[in-house]
């Protein structure tokens with residue numbers, strides 16, 4: 001693996017969500033009342049992936065924005 005890394009090759013499983021899709025999902029979670037299942041479908045990922053990327057889901061996002 002060290003030789004591959006030295007040559008600039010990436011190893012491991014590729015990420016499902018890139019930065020742009022994360023921002024889109026974040027906006028949908030904060031600003032809409034769409035169900036998480038529907039947001040996941042629009043993003044092309046599973047509901048489990050959304051909760052992995054955004055632990056606590058919509059509730060955690062609302063709690064963190066209220067404290068800002």
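The values are calculated or read from the model by the stated rules, or taken from the named source; none is laboratory data. No experiment lies behind these values; they were computed from the predicted model shown. Cβ sites come from the backbone with ideal geometry, for glycine too, and all protein chains shown count toward neighbours.
What to note about this one:
- Counting only helices (runs of 4 or more DSSP H) that sit wholly inside region 1-59, those with at least 2 residues that are without any contact (Cβ under 8 Å) to a residue 24 or more places away in the chain, out of contact with any strand residue (DSSP E or B) (no Cβ under 7 Å at 6 or more places or on another chain) and exposed (fewer than 10 other Cβ atoms within 10 Å of the Cβ) are 2-6, 19-31.
- Hits in region 42-68 - residues which are at pLDDT 90 or above and touching a helix residue (DSSP H, G or I) at 6+ places or on another chain (Cβ under 9 Å): 42, 43, 44, 45, 46, 47, 48, 49, 50, 51, 53, 54
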